[in-house]
Amino acid sequence: MKSLLFLAVLAVGCSSSGLQKTFNEERFINDVKILASDEFQGRRPNTLGETKTTEFLAAQFKEIGLEPGNGDSYFQNVPLVEITPAVPPKLTVSLPQNKALELKSFDDYVIWTENTEPKTAVNPSEAVFAGFGVTAPENDWDDYAGIDVKDKIVIVMVNDPGFTIRDSTLFKGKRMTYYGRWTYKYEEAARRGAKGCLIIHQTEGAAYPFSVVQSSNSGARLHIDERPLVPYRCPLMGWLSADAALKLLKANGLDSSVYIAANKRGFKAIPLTSKIGAEFQTKAVFNNSKNVTGLIKGTKNPDEYIIVSAHWDHFGIGKPDASGDSIYNGALDNASGVAALLEFARAFKAEKTPPERSVLFISVTGEEQGLLGSDYYAHHPVFPLKNTVANVNFDGVNNIGRCHDVVIVGKGQSELEDIFEKYAKEQNRYVTEEPKPQNGNYFRSDHFCFAKVGVPAIHAGNGIDVIEKGKQYGQGKQDYYTKNLYHTPKDEYSSEWDLGGAAENWELNYKLMKHLAYSDEWPKWKAGSEFKAARENN
């Protein structure tokens, strides 16, 4: 019955394309099952799981009829370094009068270093509570005003100013800006010369529970190998649990009222009486991972490129869950997105008239480690960024059923959204932003790396207004996934997936890609987008 619904949905409005001939639910599910199987060992970069995954994808690209996307190769090497720090089991926070506060590793904090030296010592250093750790002149905001944090440990809050007190007049209201993203906070602390940056976890502000921080950041971590010109990073980075942060504040004569105060313009960073330090014994292993690339060369404008992306990686083999399962299969995140990418490639190859612009299909590495593969491509592009028209990214598909709505993540960024919305209306659907824009999802998948270098990028799909079941049902399904399955060994394919909504979203995204691939149009960033200037400077 689901297969019949899937094919019926695809038949609507698709007669002019190769879509209903090439999109095949059974084949899609089979690809998901292969990529998310235990045999692929959770698809962690630089493991046997990577070898199996990238060889599978290259073989699929070749079978589909894609040309190698990087010269004569389907692969783009991405130099990575795997850093495994021996994290101290207890973090001793020194206080005046020879007192100390002991915090327990994993339960109270998750810390790491990106230094590759065998030993990294961060001597006990003065700590500073620096609000949100944001410097944003256009918003008349500077949490570092009047204080020098060089060689100090800054402790900052997650998300944006205004979030905690629901002040819609600050920044973009409830919608997270890049200033609210944890990556920015580490970057800004490093620009200030800080020795360390610890972010206070808060589930709503981070958009995931502390357990996700624990599972995502413990043990070995991968980073782009930037030798020989390695930029400065804080030697100590990490997160504090909400309870541990409150203990630390109370030990310094403060309480949670400073969280409220930090939301007020003109807030001044507060030097603490505590000193914090840590010592890491570090093992660094340098290796190459791979982006997998396949190309359909355009017939009219072959030197103009549409990039279709989806990350192939997940977390590999990690800490066992309660059932003893230790393989993080990543079926929805993101075997489903990669399987969708393969279906789009097949659809384009089935077109009677090949695309006028070139279409580059790229399955990138290291998304779960910090968007590494897409970041590397953005700074080492196979094809010039100035010739790259747009990026359409896929990270998970709708598996909860057909929806009246369709979500554009980070709505309000580029003219790609206007094209997308036109085709959504043809499906009698309405476009909305993600239900929780405070989560900053636009900065959490690979499209963001293309956006940062000025390429208009879109991540659209899913929805929560499930037909005949409503928004509460749809939001409940998404919340259940985030709380119980996301970044755990339980993210596996299930026969309970309802792919009717995925079919509609695939059709919609395919029409967007065809619109771009068969035209001379160059979508622009909208006024007010933080990425507009980068495009104009390309």
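Nothing in this text is a laboratory measurement; each read-out follows from the coordinates by a stated rule. Quick caveat: nothing in here was measured; it's all calculated off a predicted structure. Neighbour counts are summed over all protein chains in view; Cβ atoms, including those assigned to glycine, are modelled from backbone coordinates with ideal geometry.
With a Cα-only, solvent-free Debye model of the stretch 349-427, what are the log10 I(q)/I(0) values at q = 0.12 Å⁻¹?
-0.53
Taking the alpha-carbon centroid of each part, what is the distance from the stretch 213-243 to the stretch 262-338 in angstrom?
The stretch 213-243 and the stretch 262-338 have Cα centres spaced 11 Å from each other.
I'd like to know which of 289, 248, 173 lies farthest towards the positive end of the charge dipole of the chain, counting +1 on Cβ of Lys and Arg and -1 on Cβ of Asp and Glu.
248
Using only Cα atoms, find the angle between the long axis of helix 470-484 and the longest principal axis of the chain, and express it within 0 to 90 degrees, rounded to the nearest 10.
Once rounded, one gets 60 degrees.
Which of 44, 444 comes first, and how do the rest follow, when ranked by fewest Cβ neighbours within 10 Å?
Fewest to most other Cβ atoms nearby, the residues stand as 444, 44.
In square nanometres, what is one fourth of the surface area of the convex hull spanned by the alpha carbons of the stretch 83-284?
For the stretch 83-284, averaging the hull's shadow over all directions gives 10.9 nm².
DSSP loop (so not H, G, I, E, B), at most 14 other Cβ within 10 Å: list which trypsin sites (Lys or Arg not before Pro) in the stretch 321-412 pass both filters.
352
For the chain, take the longest principal axis of its alpha carbons; what is the angle in degrees between that and the long axis of helix 500-517, to the nearest 10 within 0 to 90?
Orientation of helix 500-517: about 80 degrees from the principal axis.
What relative contact order, as a whole-number percentage, does the chain give when Cα pairs under 8 Å and 6 or more residues apart are counted?
20
DSSP loop trypsin sites (Lys or Arg not before Pro) in the stretch 27-62 with at most 12 other Cβ atoms within 10 Å of their Cβ, which ones?
Hits after loop and neighbour filter: nothing returned.
Counting other C-beta atoms within 10 Å, which of 482, 47, 388 has the fewest, and how do the rest follow?
Lowest count first: 482, 47, 388.
Where nothing but the Cβ of Lys and Arg (+1) and of Asp and Glu (-1) is charged, how large is the charge dipole of the chain around its Cα centre, in debye to the nearest 20?
Dipole about the Cα centre, nearest 20: 780 debye.
Hey, what number do you get for the chain at 222 nm if only DSSP H runs of n ≥ 4 count, each worth -39500 (n - 2.57), divided across all residues, to the nearest 500?
Helices in the chain give a 222 nm mean residue ellipticity of -8500 deg cm²/dmol.
Within the stretch 317-398, report the chymotrypsin sites (Phe, Trp or Tyr not before Pro) that DSSP leaves as loop and that have at most 11 other Cβ atoms within 10 Å.
For chymotrypsin sites (Phe, Trp or Tyr not before Pro) across the stretch 317-398 that sit outside H, G, I, E and B with at most 11 neighbouring Cβ atoms in 10 Å, the list is empty.
Please list, short to long, the whole-number percent of alpha-carbon pairs of the stretch 271-354 in consecutive 10 angstrom bins beginning at zero.
Final binned percentages: 12, 25, 23, 19, 13, 7, 2, 0.
Pairs of alpha-carbon atoms within less than 8 angstrom and 6+ residues apart define the contacts here; what relative contact order does the stretch 275-357 have, in percent?
Rounded, it is 38 percent for the stretch 275-357.
Check cross-link reach from residue 99 to the lysines: straight Cα distance under 17 Å, and skip same-chain residues fewer than eight apart.
Partners found: 90, 247, 250, 275.
How large is ³J(HN,Hα), in whole Hz, for each residue of the stretch 167-180 in order, when computed from phi with the Karplus curve 6.51 cos²θ - 1.76 cosθ + 1.60 and θ = phi - 60°, using x for Gly and Pro?
8, 6, 8, 9, 6, 10, x, 6, 7, 5, 9, 5, 5, x
In the chain, once you exclude exposed GluC sites (Glu not before Pro) (DSSP loop, at most 10 other Cβ within 10 angstrom), what's the longest stretch remaining?
1-467
Based on a Kirkwood Rh over C-alpha pairs, give the Stokes-Einstein translational diffusion coefficient of the chain at 10 °C and viscosity 1.306 mPa s in µm²/s.
The calculation lands on 66 µm²/s.
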